[in-house]
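Peer 1: Dropping a structure here in structure tokens format, bear with me for questions.
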Amino acid sequence: MAELSFYDVKSKSKFTTSDFEVREKSGRYFAVAKSPAKDATHECWRILSKKQAEELK
């Protein structure tokens, strides 16, 4: 799977990962990854185009 970069709003840091899943919500596509921050349990979401979502599924 390809690597994508995400921005963690809570810890204010950018990270790249290939461990994410593609989700569809209200007709839009998102890549969702768990935050790598220490003791973090939240998710980081990134918007994907329809074409990009189909390639990453």
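Any read-out appearing in this document is the output of simple, stated calculations on the displayed coordinates, not a laboratory observation. These figures come from a predicted structure and were not determined experimentally. Here Cβ is always computed from backbone atoms with ideal geometry, including for glycine, and neighbour counts include all displayed protein chains.
Peer 1: From the list K38, K57, K34, K12, exactly one residue is out of contact with any Phe, Trp or Tyr (no Cβ under 7 Å at 6 or more places or on another chain) and on the phi > 0 side of the Ramachandran plot. Which is it?
Peer 2: Unique residue meeting the criteria: K12.
Peer 1: Then there's this: Kindly indicate the residue of region 1-45 that is closer than 22 Å to K57 by Cβ and β-branched (V, I, T) and also surrounded by the fewest Cβ atoms within 10 Å (Cβ to Cβ) among those meeting that condition.
Peer 2: Out of the qualifying residues, it is T16.
Peer 1: Can I ask one more? Just the residues that are touching a residue at least 12 places away in the same chain (Cβ under 8 Å) and among the charged types (D, E, K, R), please, taken from region 24-44.
Peer 2: Those that are touching a residue at least 12 places away in the same chain (Cβ under 8 Å) and among the charged types (D, E, K, R): E24, R28, K34.
Listed here are the residues, each with its yes/no results for (1) of a type in the set (G, A, S); (2) outside any loop (DSSP other than H, G, I, E, B).
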| residue | (1), (2) |
| --- | --- |
| M1 | no, no |
| F6 | no, yes |
| K10 | no, no |
| K14 | no, yes |
| E24 | no, yes |
| A33 | yes, yes |
| D39 | no, no |
| R46 | no, yes |
| A53 | yes, yes |
